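Take a look at the structure set out below.
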Amino acid sequence: MSYAVLFTGQASQHTGMLPWLENDPQSAPVLQAMARHTGAHWRHRLQDPTERSNNAFAQCLITGTSLAAWQALRACLARGPDIVAGYSVGELAAFSAAGIFDAQTALVLAAQRAQWMDLAAAQGPAGGLLSVSGLAQAQVLAGCAALQCAISIDHDQAIYGADNLALEQAERLLAARGALCKRLEISVASHTARMQPAAIALADVLATQTWLAPHCTVVTNASGTSSRHLERLRTALAQQIATTVQWAACMDAVEERGVRCVIEIGAGHALAKLWNRRQAGSPARSLEDFKDAQGAAAWIEAQT
């Protein structure tokens, strides 16, 4: 059995996500820990667009629901993954799934990460993220100098961060040039230089923690490379807040592992769809394709 796990990031959350989650007993401990950060009625909060984009809520929600779902799925599988990666805040879930730290630690880090990012964002004008498809990064940045590439996804797809005025101007300009643009439900310019104070704060906390050696390979956003070296992983986890997420390179690193299939854990299908478009050698599915964890486990076992 050879498989990879990808953990989703912020802006994937939606009201009907993982409808079976609360009914799976394996998920209960993580959901209880998450409720201390999000409140027990997190599905109700998801109905409010303002709440969905709130960092303090969203980052803990993504981390908690992903790890709760992973606990349910892992209990159905004979062995763990060969390699894991997490998209943006999903990297916290990936590190936890690899055994580096537990779910409670991941949730505390998610809450601190969100707080520090909000504090960094408050030092300047309000900002956010803009998804742009159909134009190469060089074309986008040449015409919109105020943007910074937050997440590199493909040769003609990326997510850019800036203040809201710059994003509005860029959206009009790029759409007129034929690009498909979409504002994300994220209220800070994540993975840009504006987040450097948050990256420093997280690095200081991570330096004090005792981590366990990972039981599988981890791919990091900051470099797009795989590692099991704890100090490299520690550095990369802090760096990614204020640097471009190299997601295209992350997918290439996972593919180089030669896994038989890939499962996306969390809300939505974005990572699985992107994998299937780029990497034809092994199939990817989202956990949301299945009615429960048992169905996803059966699919993984059938592939491997």
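A few comments on the model shown:
- Pairwise inverse Cα distances across segment 159-285, averaged and inverted, put the Kirkwood hydrodynamic radius at 16.8 Å.
- C-alpha long axis of helix 230-239 to longest principal axis of the chain, angle in °: 40
- Degrees between helix 103-121 axis and first principal axis of the chain (Cα, 0 to 90, nearest 10): 0
- Net length gained if the chain between residue 23 and residue 203 were fully extended (0.36 nm per residue, minus Cα distance): 61.2 nm
- Solvent exposure of segment 216-304 as accessible area per residue, Å², 1.4 Å probe: 41
- Relative contact order for the chain, counting Cα pairs under 8 Å that sit 6 or more residues apart, in percent: 24
- Formal net charge of residues neighbouring residue 49 (Cβ-Cβ distance under 12 Å; K, R +1; D, E -1): 0
- In the chain, the longest principal axis of the Cα atoms and the axis of helix 55-74 are about 30 degrees apart.
- Formal net charge of residues neighbouring residue 139 (Cβ-Cβ distance under 12 Å; K, R +1; D, E -1): 0
- One decimal place: the segment residue 289-residue 177 gains 36.8 nm when fully extended, by the rule 0.36 nm per residue minus the C-alpha distance.
- Summed residue charge, Cβ within 11 Å of residue 39's Cβ, Lys/Arg positive, Asp/Glu negative: +2
- Two-site label geometry, residue 119 and residue 15: point separation in nm, points 7 Å out along Cα→Cβ: 3.5
- Segment 31-158: radius of gyration and largest Cα-Cα distance (Dmax), Å: 17.1, 51
- Each helix, a run of at least 4 DSSP H residues, gives -39500 (n - 2.57); summed and divided by the residues of the chain, these come to -13500 deg cm²/dmol at 222 nm.
- GNM on the chain, alpha-carbon springs under 10 angstrom: the most fluctuating residue among 175, 98, 110 is 175.
- Cα convex hull, the chain: 116 Å³ per residue, rounded to a whole number.
- Of all accessible heavy-atom area on the chain, the percent that carbon and sulfur account for (1.4 Å): 51
- Relative contact order, whole percent, for segment 121-253 stands at 27, derived from Cα pairs under 8 Å and 6 or more residues apart.
- Dipole magnitude of the chain about its Cα centre (Cβ charges: Lys, Arg +1; Asp, Glu -1), debye to nearest 20: 120
The values are calculated or read from the model by the stated rules, or taken from the named source; none is laboratory data. Source: prediction; values computed, not measured. Note: ideal-geometry Cβ built from the backbone for every residue, glycine included; neighbour counts use all protein chains shown. Just so you know, the surface numbers come from the protein's heavy atoms only, side chains and all, with ligands and any DNA or RNA stripped out. Shrake-Rupley method; radii C 1.70, N 1.55, O 1.52, S 1.80 Å.
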